[in-house]
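The values are calculated or read from the model by the stated rules, or taken from the named source; none is laboratory data. This is a predicted model, so every value here is computed, not measured. Positions of Cβ are backbone-derived with ideal geometry, glycine not excepted, and every protein chain shown enters the neighbour counts. These area figures cover heavy atoms from the full protein model, side chains too; ligands, DNA and RNA do not enter into them. Shrake-Rupley method; radii C 1.70, N 1.55, O 1.52, S 1.80 Å.
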Amino acid sequence: HRDSQGLGLGQKSYVAGLSALLDAEIAVQRCDFDKAPALIEIGRAFKEIFGPVEPQLVALRNQARLQAHLGNMDLALQTLQDGQDAALREQHRRLYLSLAMEEVALQLSAGDPAAASDTARRTRLLDDDAARQGGGWYRAKRDALRLLDARLRLAQGDARSATRILTSPQQSRRSESRGGFFLAVTTHRAIALWEQGQRNEAARQLDRALSSAAAEFHAYPITTAGSALLPVLEFIIERRLETAAHTLRPRLQLQAWLLTYLRGERQTPWPQPAADSVETTAATQGGLIEALTGREVELLRLLQAGLDNRAIADALLVSVPTVKWHLHNLYGKLNVGTRTAALHAAQRAGLLA
């Protein structure tokens, strides 16, 4: 064996190499492109030695994403095209289609819809016959193809059609458990709504993605939208209040990072994920209090910060009547009738620090 860096053939090296491959995926998803290169190098060696389809896909995809981040788009596309050629030679259709999808996605993120459309036509990604040949793979990946189709339509100025395509996968059961796919769908749906003039709803959609991504700093799926996301992001920032900074800290941290990253103002390192994310909070005190949603916990923290209904509405990107509705539900769960009583009940239950 060489060492445990994934370059040998033994079991220890296999595990280390596979681990590095997965760590590279996590680093890229967090846009931690300082950490990614070394891990990608180990993952490439793993892929060359062991060669299963999924590790090949992850290794090539991350290598291409890193090159695109560094501004080497030609090299990124060449990496994916070489992978497609190898996949065809080895008769790995699933790998071929996955790499073709990644090529189109990178071209769209780079703001080159013409090249993306050419790639989609060349690889027959959205062709019905090609989809049927994919069999079970296509059924598993049909939503990813829908997202790609919506992104192409959005890039071509057909925001209404893109919104229609993206609505179904976003509203499906357990959609938020689908990680990066949910974030990408929600982000692009926000852009589609914005381009149709639905600014408030677009802001709420993007904020939903930010809320889901903030705890683990799952930034990459959001950055795939490119500069088209900036107007929505800037609109959200304008509505936020500094008084809500502590309460919404993880989200604001991601929000600020995205702004500088998408503007290309400077190469910003990714911040460590914040620990105080807002998740659905289970009741305490022997189950006497009904479980609170993440939004209701946010509301409690904003009440604790002393914000009035208007300020809370601005912080959460909702209307004042919506705030009142959430307060009504919150009071019912806590069995109280006032803000002060709600805060006391939440503190007794350990829901607030």
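Things worth noting here:
- Some residue of region 259-276 being open to solvent by 40 Å² or more (accessible area, probe 1.4 Å), more than 23 Å from Gln205 (Cα to Cα) and either more than 29 Å from the chain's Cα centre (by Cα) or modelled with pLDDT of 80 or more (or both): yes
- Scanning region 62-72 for residues that are touching a Leu at 6+ places or on another chain (Cβ under 6 Å) and of a type in the set (A, V, I, L, M, F, W, C), we see that the one that is surrounded by the fewest Cβ atoms within 10 Å (Cβ to Cβ) is Ala68.
- Restricting attention to region 116-126, the residues that are in a helix (DSSP H, G or I) and either polar (S, T, N, Q) or in contact (Cβ under 8 Å) with a residue 24 or more places away in the chain (or both) add up to 5.
- In region 73-115, of all residues being charged (D, E, K, R) and not in a helix (DSSP H, G or I), the one that is surrounded by the most Cβ atoms within 10 Å (Cβ to Cβ) corresponds to Asp112.
- Residues in region 308-347 that are assigned to a helix (DSSP H, G or I), closer than 30 Å to Leu233 by Cβ and of a type in the set (D, E, K, R) were compared, and the one that is least open to solvent (accessible area, probe 1.4 Å) is Asp314.
- Number of residues in region 89-118 that are modelled with pLDDT under 95 and of a type in the set (Val, Ile, Thr) equals 0.
Conditions (1) within 19 Å of Asn72 (Cβ to Cβ); (2) among the hydrophobic types (A, V, I, L, M, F, W, C); (3) open to solvent by 60 Å² or more (accessible area, probe 1.4 Å); (4) modelled with pLDDT under 75, marked per residue:
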site: Gln29; (1), (2), (3), (4): no, no, no, no
site: Ile40; (1), (2), (3), (4): yes, yes, no, no
site: Gly43; (1), (2), (3), (4): yes, no, no, yes
site: Pro52; (1), (2), (3), (4): no, no, no, yes
site: Pro55; (1), (2), (3), (4): no, no, no, no
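- Qualifying residue in region 50-70 (condition: assigned to a helix (DSSP H, G or I), free of Cβ contacts under 8 Å to residues at least 24 places away in the same chain and β-branched (Val, Ile, Thr)): no
- Of the helices (runs of 4 or more DSSP H) that lie entirely inside region 134-240, those containing 2 or more residues that are basic (Lys, Arg) and either modelled with pLDDT of 90 or more or surrounded by 18 or more Cβ atoms within 10 Å (Cβ to Cβ) (or both) span 135-155, 159-171, 199-214.
- Qualifying residue in region 290-300 (condition: modelled with pLDDT of 85 or more, open to solvent by less than 60 Å² (accessible area, probe 1.4 Å) and not acidic (Asp, Glu)): yes
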